[in-house]
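Here's the structure we're looking at; comments come further down.
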Amino acid sequence: MTYIQERPPTYTQEKPPLAESVDQLRARIPGWGVDLDPKDRPSVPKLRRIEGLTHAHWDFPQRQPEKWPRERSVEHKFLTPVFGTACPPRGVSGAMRRYAYKYSEGRAAHWVILLAADRVDAWENHLRSLATTHPDNPVTETGVLSEFGHRGISSRLGKKRADLPHHVLDPVIVAGPWILAARVAYVGVRAAWKRRH
């Protein structure tokens, strides 16, 4: 795999230059640079920084190999030297995530598509669990049973809880998709049964 040889100042051992001088920053931003004087820093004298010496043992960090095409923000020329590999994008949600990175991170479309991809990913995992010996159990996983055994109602009445207004919506948000999915499955099975007989 060929890597781009260009070295952005962010990933080199040299400290990148400031866009503005210290005096310009101090004049524009109240309180900027209050810890520039070592006497004002609580970490001094423990902190012994020698200018120009960062103790980095490389000019440019070794790049992590890219085992599959990773999502990359359009604002960046290439991937950062190190990136996460714990959750590779797959299925419909993975396609949605890859599509989201066609938009700038400053666009709402980028984030809305990523949020929708998270919901699709959750449903993909719910459906995948049905093919295992331990499918998801929405009753126990939502914690609804603890409402009856652990003072669910009394913990709400007469208290000034900030989350009280949305408790009415919780059953709709949590149970609604499951009820809708059950209804769709029932209608589908019934239609298939009628066609067959």
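A short reminder: the numbers here are calculations on the coordinates, not readings from a lab. For clarity, every value in this text was computed on a predicted model and none was experimentally measured. Using ideal geometry, Cβ is built from the backbone for each residue, glycine included, and neighbour counts are taken over all protein chains shown.
Summary table below
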| item | result |
| --- | --- |
| Hits among lysines - C-alpha to C-alpha of LYS39 under 23 Å, sequence gap 8 or more where chains match | LYS15 |
| Global form of the range 68-135, assessed from the alpha-carbon gyration tensor, a/c cut-off 1.5 | oblate |
| GluC sites (Glu not before Pro) restricted to DSSP loop in the range 121-197 with at most 15 other C-beta within 10 Å | none |
| Proximal aspartates and glutamates to LYS159, defined as alpha-carbon separation beneath 17 angstrom and excluding residues fewer than eight positions away on the same chain | GLU147 |
